[in-house]
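Structure record follows, encoded as structure tokens.
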Amino acid sequence: MKNGLADSIRRTFAIARNTVLEAIRNRAFLGMGIAAFGLVVSSIALSSLAVRDQAERVLVDFGLAATSLMEIVIAITMGVILVFKEIDRKTFYLVLPKPIRRSEVIAGKFVGLLGVLGASLLLMAAGWLISLQVKGISIPAGVPQALLLVWAQAALITSVAIFFSSFASPVLSGVFTFGVFMVGSSVTVLQELMQARKGMLATPGPARLIAEGAVAVFPDLSVFNVGKELILRIPVTWEYVGASMLYCGFYCLFFLAIGALVFQRRDFS
Amino acid sequence: MRSGPGRSAAHGLIPFLVAAGHREADLDEIIRVENLSKTFRTPFRRKRVDAVSNVSFVVRRGEIFGFLGPNGAGKTTTIKMLTGLIQPTAGTVSMLGGGPADLSVRARIGFLPEQPYFYDYLTPVELLDVFGRIFGIPARIRKERIESLLTQVGLFEARNRTLRKFSKGMLQRTGIAQALLNDPELVILDEPLSGLDPVGRKEVNDLIATLRQQGKTIFFSSHILADIERLCDRVVILDRGVTKAAGTLSELLTSDSGEREILAGGITDVSGLNGLDGVVRCETYGTDAVRIVCESAASDRLVGTLLKAGGTILGVNDRRISLEQLFVSRTIREKSCPATDNEGEVRGVSE
């Protein structure tokens, strides 16, 4: 059993390693480097336009939001393409007959993409922190926690993208994943609207039912957004980060498990 | 019953297996396919397409087994079921004592898909390294085996070039190298000779022969008949998903002709023989012999006639036909009346 787990991890990491290698060879990191440089330049330019005393706020808020958005874009685009490309190019014909479980292939793709997201996050964060330094703004204490949460959010979205790509085309998977991201980002708003005294969601009816369903099923992505805390210099505790990571881990496991189940039953004809 | 000293565990197991209903010969079976079928449904109209129907065969240890058929015969579909890429609609596949999904079975199989597609951003060394890691081959052995395999398939000089710069023949060789990476007991090759020039084909043929000498079992599909005839011990001919012929080459090539060849001495006049019932043709052989090709059923009677005429029988043999003749007779002649299933739909899909 112990050997079985070690073997499984070894096979998963073989796929993960190849996924990272593919990103490097396809010059994905070059694009990420350019994006990071763009972030530095645009942050500095934006902060110059800001109202006096608001430059710090703009730089901190914009930097974190841009990093987060970039991570989501990478997670969706790469997540929906990774599995599909292997099916479309028939490279899976060489991999799947080897002694590897299809769930390990899915897990390997996910772990590899986490590595790519981690590397791109570091590049973007470096650009962001450089722009703060250039403007003489002290780096807020909660930056490592905030970055970890951005990464966790991207991981969750990656798992959603891989889940959809196990049975749908890249375009559909992209649309569905973006949909999950939008609803997930709006869960807090939906909850507030349901608790309000007036409005469509305040009273019982089909709209409220749908909203209740969405709140129950979709991940609440606001958990991973600590931009306000950073601006207001409110500490983000590691306990909060840990709990958020657990929340992320649960959803990742859920989506990857269903994705692997669908992938397991798939014919490669 | 306890095994005596010096008896291997496997030897002690044989009576048990026999008692349990297994034939002793089963231990030599590497692949057993029974009534294998695959039906696809067309995307919108959901029409049934029977790609493979009730195919059965056995591949034994150490033999080269040829899987023959025209394009669209169902060869690749069958191979995909053997390798677990698609699930059969009906029937069973047993390989090396397990099923296609067993990891321990897959670890002992090497597979080359038809027209293999690779991660073109990798070099052959990196590609084999990824697969070596999946197989769990230790780093040092992996490195040595990769170098040895690339030398064997003639790609050592190109080992650091990315696969996107490889020709079709080079990619095919890379595919063969990856199929042999785990030193497999069973090698499944789907059209291994396609895309190769005559020199490349000869090299792959030699490689297959070498693998047999090493005791490996080879299952390979092809429609290059000359290579199948030269290499294979047994074949299955598939057409539109249905088995058209199966057996050893000598059985198939002699039984299918339905003709015998009689060599008779002491007779030089062939004109009288040509008119005899059952004689297909007759010709002089050397200075005082004749060779008579006749229908198998008429051979005994003709032998009697020749002996009465004062001749001596030098030999009677079943007449062999070429594999090409067999292939054509079992496949092309039926093209004009396509096989249909119970629902009246045409069998077979493109592979």
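Could you say whether any residue in the stretch B:248-257 is surrounded by 15 or more Cβ atoms within 10 Å (Cβ to Cβ) and part of a strand (DSSP E or B)?
No - not one qualifying residue is present in the stretch B:248-257.
Which of the residues spanning the stretch B:170-184 are touching a Leu at 6+ places or on another chain (Cβ under 8 Å) and either more than 15 Å from B:Leu207 (Cα to Cα) or not small (Gly, Ala, Ser) (or both)? Even if it seems obvious, please write down each step before you answer.
Residues of the stretch B:170-184 touching a Leu at 6+ places or on another chain (Cβ under 8 Å): B:170-181.
Correct list: B:Met170, B:Leu171, B:Gln172, B:Arg173, B:Thr174, B:Ile176, B:Gln178, B:Leu180, B:Leu181.
Looking at the stretch A:101-109, is at least one residue part of a loop (DSSP other than H, G, I, E, B), within 11 Å of chain B (Cβ to nearest Cβ) and at pLDDT 90 or above?
Yes; the residues of the stretch A:101-109 include at least one that is part of a loop (DSSP other than H, G, I, E, B), within 11 Å of chain B (Cβ to nearest Cβ) and at pLDDT 90 or above.
Name the residue, out of B:Arg106, B:Arg159, that is open to solvent by 10 Å² or more (accessible area, probe 1.4 Å) and at the interface with another protein chain (Cβ under 9 Å from one of its Cβ atoms). Break it down stepwise before answering.
Values: B:Arg159 fails: at the interface with another protein chain (Cβ under 9 Å from one of its Cβ atoms).
After ruling out the rest, the residue left standing is B:Arg106.
Kindly provide the set of residues from the stretch A:156-203 that are among the polar types (S, T, N, Q) and either open to solvent by less than 50 Å² (accessible area, probe 1.4 Å) or in contact (Cβ under 8 Å) with a residue 12 or more places away in the chain (or both), ordered by number.
Once the filter is applied, which keeps residues that are among the polar types (S, T, N, Q) and either open to solvent by less than 50 Å² (accessible area, probe 1.4 Å) or in contact (Cβ under 8 Å) with a residue 12 or more places away in the chain (or both), the stretch A:156-203 yields A:Thr158, A:Ser159, A:Ser165, A:Ser166, A:Ser169, A:Ser173, A:Thr177, A:Ser185, A:Ser186, A:Thr188, A:Gln191.
Just checking, which of A:Leu59, A:Leu69, A:Leu64, A:Leu82 is of a type in the set (A, V, I, L, M, F, W, C) and within 13 Å of chain B (Cβ to nearest Cβ)?
A:Leu82
Of the residues that sit in the stretch B:109-120 and are within 7 Å of chain A (Cβ to nearest Cβ) and part of a loop (DSSP other than H, G, I, E, B), which one is modelled with the highest pLDDT?
B:Pro113
Within the stretch A:37-54, can one find any residue that is away from chain B (no Cβ under 14 Å), among the small types (Gly, Ala, Ser), open to solvent by less than 30 Å² (accessible area, probe 1.4 Å) and part of a helix (DSSP H, G or I)?
The answer is yes; a qualifying residue exists.
Please specify each residue of the stretch B:83-103 satisfying the condition of being open to solvent by less than 50 Å² (accessible area, probe 1.4 Å), within 19 Å of B:Phe57 (Cα to Cα) and at the interface with chain A (Cβ under 9 Å from one of its Cβ atoms).
Once the filter is applied, which keeps residues that are open to solvent by less than 50 Å² (accessible area, probe 1.4 Å), within 19 Å of B:Phe57 (Cα to Cα) and at the interface with chain A (Cβ under 9 Å from one of its Cβ atoms), the stretch B:83-103 yields B:Thr83, B:Gly84, B:Ile86, B:Pro100.
Assigned to a strand (DSSP E or B), surrounded by 17 or more Cβ atoms within 10 Å (Cβ to Cβ) and on the phi < 0 side of the Ramachandran plot - does that describe any residue in the stretch B:299-315? Write out each step before concluding.
Initially, the stretch B:299-315 is screened for residues assigned to a strand (DSSP E or B), giving B:312-315.
Those left that are additionally surrounded by 17 or more Cβ atoms within 10 Å (Cβ to Cβ): none.
No - not one qualifying residue is present in the stretch B:299-315.
Considering only the stretch A:20-36, how many residues are modelled with pLDDT of 85 or more, more than 10 Å from every other protein chain (Cβ to nearest Cβ) and either open to solvent by less than 30 Å² (accessible area, probe 1.4 Å) or touching a strand residue (DSSP E or B) at 6+ places or on another chain (Cβ under 8 Å) (or both)?
Residues meeting the conditions: 0.
State all residues of the stretch B:127-139 that are in a helix (DSSP H, G or I), more than 7 Å from every other protein chain (Cβ to nearest Cβ) and crowded, with 20+ Cβ neighbours inside 10 Å; if no residue qualifies, say none.
B:Leu127, B:Leu128, B:Asp129, B:Gly132
Counting only residues that are free of Cβ contacts under 8 Å to residues at least 12 places away in the same chain and among the β-branched types (Val, Ile, Thr), which one in the stretch B:138-175 is nearest to B:Tyr119 (Cα to Cα)?
The extreme case among them is B:Thr151.
The values are calculated or read from the model by the stated rules, or taken from the named source; none is laboratory data. Computed from a prediction, not measured in an experiment: that's the story for all the values here. Glycine gets a Cβ as well: all are built from the backbone with ideal geometry, and neighbour counts include every protein chain shown. Only protein heavy atoms, including side chains, enter the accessible area calculation; ligands, DNA and RNA are left aside. Shrake-Rupley method; radii C 1.70, N 1.55, O 1.52, S 1.80 Å.
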